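*Asks:* One structure, as C-alpha cells, below. Some questions next.
The values are calculated or read from the model by the stated rules, or taken from the named source; none is laboratory data. Since this is a predicted model, take the numbers as computed values, not measurements. Virtual Cβ from ideal backbone geometry, glycine too; neighbours counted across all protein chains shown. Keep in mind that these areas ignore ligands, DNA and RNA; they rest on the heavy atoms of the full protein, side chains included. Shrake-Rupley method; radii C 1.70, N 1.55, O 1.52, S 1.80 Å.
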Amino acid sequence: MFPDDLRIWLNHFEHHAQHPRSIPQGLSDLLTPGERRLISASVATFQLGEQSGGATLQRAAERFARAHQLPDLVRITELFIREEQRHAALLRAFMEDHQIPLKSRDWTDRVFRRLRRLAGLELYLHVLITAELIGNVYYRALESATGCQRLKVLCRTLVADELAHIGFESHLLLALRAGRIAAVRSLMRSAHRAFFAGTAVVVWLTHRAVLRRSGCDARNFLRLCRLQYAFYLEPANATLASTSSL
Ligand SMILES: [Fe+2]
Ligand SMILES: [Fe+2]
C-alpha cells in the first residue's frame, strides 16, 4: 500500500466524518416484547464491542506511521475510531429507547480487548478484522431477524460503514503480509484462519438465538463467515495485489 492508496482512504473517512450516515426520522420503531427478549443481551454485547476509546489503536497507528513514513494513517485511524464510537452511540440510542440494558462487560469483549493490547498494529488489525467480518454477518442476520424498521435500517447503516472498514483493513493487511517472507506469511495466514474460525464458533454459540431466528443455522453462519474471510483476505489475485507492499 502506497501513500496514494492511503490518501484515497483518507478522503473516504474525511467525507464520512463530514457526512455521517444517519437513521432517517419517522421510521416505524416497534419492537415486540418477544423480539426485545430475543435480541437484548446479544445487541448489548455488540454495542459494547463498538464502544472503544481507541487509545491503543491510535498509539499503534502512530508508531507504525512514524516507522513507515505514512502520516495519513494517523488521521485515518482517528476518523475510523470516531466512526466506531458513532456506531456505539447509534446502538445505545436504540437500546435506551427500548429499555434494553447496556452491558459494561462481557467475556468475549474482554478477550478481544486484551488481545488487541498485546502487540503492534498488525496483530491489532488481525483481531479487529476478525470482529468486523463476523460482525457484518451478524448485523445482516439481525436485520432479517427483526420486523422493527428502525433496527433494520440501523443494521444496514452499520454494515455500510463496516464494509469500508473491512476494505481498508484488508488492504493494509495484505500489503503488510506481502512484505514478509513466504514461510512467515503462510504461518501468519494459518494462525489467523484458525483464530477466525474459533471466533466464529464462539459467536455462533453466544448469539445463536438471534442467528437462528434469521434463518441461519450453524453451518450456514460459519459458511457465510468463511466466505467473507476468503473474499477479503484470500482474494484470487492476492499475489498481484501484494506486489504493492509497504
Ligand atoms: Fe462498527
Ligand atoms: Fe468497524
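*Asks:* If I filter the range 114-133 for residues that are more than 19 Å from Arg208 (Cβ to Cβ), free of Cβ contacts under 8 Å to residues at least 24 places away in the same chain and of a type outside the set (A, V, I, L, M, F, W, C), do I get at least one hit?
*Replies:* Scanning the range 114-133 turns up at least one residue that is more than 19 Å from Arg208 (Cβ to Cβ), free of Cβ contacts under 8 Å to residues at least 24 places away in the same chain and of a type outside the set (A, V, I, L, M, F, W, C).
*Asks:* Continuing with the same structure: For the subset of the range 85-105 comprising residues that are open to solvent by less than 30 Å² (accessible area, probe 1.4 Å) and away from ligand 1 (no atom under 16 Å from the Cβ), which member is nearest to Thr32 (Cα to Cα)?
*Replies:* So the residue we want is His98.
*Asks:* Residues being charged (D, E, K, R), over 30 Å from Leu90 (Cα atoms) and touching a residue at least 60 places away in the same chain (Cβ under 8 Å): count how many of those fall in the range 154-204.
*Replies:* Summing the residues that are charged (D, E, K, R), over 30 Å from Leu90 (Cα atoms) and touching a residue at least 60 places away in the same chain (Cβ under 8 Å) in the range 154-204 gives 1.
*Asks:* Another question, then. Select from the range 23-56 the residues that are under 25 Å from Leu133 (Cβ atoms) and polar (S, T, N, Q) and write down the one among them that is farthest from ligand 2 (Cβ to nearest atom).
*Replies:* Across the range 23-56, the extreme among qualifying residues is Ser40.
*Asks:* Any residue in the range 73-88 that is small (Gly, Ala, Ser) sitting within a Cβ distance under 6 Å of a residue that is within 9 Å of ligand 1 (Cβ to nearest atom) and in a helix (DSSP H, G or I)? List the pairs, counting only those 6 or more apart or interchain.
*Replies:* So the pair list comes out as Ala88/Glu50.
*Asks:* Where residues in the range 57-72 are touching a Leu at 6+ places or on another chain (Cβ under 6 Å) and within 25 Å of Gly135 (Cβ to Cβ), which of them is farthest from ligand 2 (Cβ to nearest atom)?
*Replies:* Taking the candidates together, the pick is Phe64.
*Asks:* Separate question: In the range 1-21, what count of residues is obtained for those that are touching a residue at least 12 places away in the same chain (Cβ under 8 Å) and open to solvent by 80 Å² or more (accessible area, probe 1.4 Å)?
*Replies:* 2
*Asks:* For the range 54-70, does any single residue satisfy the condition of being open to solvent by 40 Å² or more (accessible area, probe 1.4 Å) and under 22 Å from Tyr138 (Cα atoms)?
*Replies:* no
*Asks:* Another question, then. Specify which of the listed residues (Arg113, Arg82) is open to solvent by 80 Å² or more (accessible area, probe 1.4 Å), closer than 18 Å to Glu169 by Cα and under 17 Å from the mean Cα position of the chain (by Cα).
*Replies:* Arg82
*Asks:* Considering only the range 97-110, I want to know if a residue exists there that is under 27 Å from Glu62 (Cβ atoms), more than 15 Å from the chain's Cα centre (by Cα), at pLDDT below 90 and of a type outside the set (A, V, I, L, M).
*Replies:* Within the range 97-110, one or more residues are under 27 Å from Glu62 (Cβ atoms), more than 15 Å from the chain's Cα centre (by Cα), at pLDDT below 90 and of a type outside the set (A, V, I, L, M).
*Asks:* For Ala183, only one of the following conditions fails: (1) within 13 Å of ligand 2 (Cβ to nearest atom); (2) open to solvent by 10 Å² or more (accessible area, probe 1.4 Å). What is its number?
*Replies:* Only one criterion in (1) within 13 Å of ligand 2 (Cβ to nearest atom); (2) open to solvent by 10 Å² or more (accessible area, probe 1.4 Å) is unmet by Ala183, namely (1).
*Asks:* Return the total of residues in the range 124-167 being under 20 Å from Glu78 (Cβ atoms), more than 10 Å from ligand 2 (Cβ to nearest atom) and either charged (D, E, K, R) or buried (at least 16 other Cβ atoms within 10 Å of the Cβ) (or both).
*Replies:* Looking only at that region, the number is 3.
*Asks:* If you go through the range 209-233, how many residues are in contact (Cβ under 8 Å) with a residue 12 or more places away in the chain and not polar (S, T, N, Q)?
*Replies:* Looking only at that region, the number is 15.
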